[in-house]
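**Student:** A single structure is presented below for examination.
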Amino acid sequence: MQPRPKTLLAWSTGKDSAWTLYVLTERKQVDVVGLLTTVNSRYQRVAMHGVRAELLRVQAAAVGLPLVEVALPDAL
């Protein structure tokens, strides 16, 4: 049996990301090893939905996966 590819899941904090994580976990074709999210560095909010970074971190902890936050500069 070959090892499953390790994958970071692009996480927007929304329902589609949660559903994708569920499907990937159920199908067992890849090993989701973390969540990847962009955060506005000035406002500390997820770039996609504007959710507070604190909630993002709670979500990652709830699903038991490490979180990779990519800080984006505030728009000029």
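**Student:** Rank the residues ARG27, ARG57 as a footprinting-exposure proxy: fewest other Cβ atoms within 10 Å of their Cβ go first.
**Tutor:** Taking fewest neighbouring Cβ atoms as first place, the list is ARG27, ARG57.
**Student:** In nm, what is the difference between 0.36 nm times the number of residues separating MET48 and ARG4 and their Cα-Cα distance?
**Tutor:** Values: separation 44, 0.36 × 44 = 15.84 nm, distance 2.86 nm.
Extra length available between MET48 and ARG4 comes to 13.0 nm.
**Student:** Roughly what angle does helix 53-63 make with the longest principal axis of the chain, taking Cα atoms, 0 to 90 degrees, to the nearest 10?
**Tutor:** Result, in degrees: 10.
**Student:** How long are the three semi-axes of the equivalent ellipsoid for the chain, computed from the Cα gyration tensor as the root of 5 times each eigenvalue, in whole Å, largest first? The partial results should precede the final answer.
**Tutor:** Working: eigenvalues 131, 29, 20 Å².
Semi-axis lengths for the chain are 26, 12, 10 Å.
Since every read-out is calculated from the coordinates, none of them should be taken as a lab result. All of these numbers come straight from a predicted model, not from anything done at the bench. With ideal geometry, Cβ positions are generated from the backbone for all residues, glycine too; neighbour counts draw on all protein chains shown.
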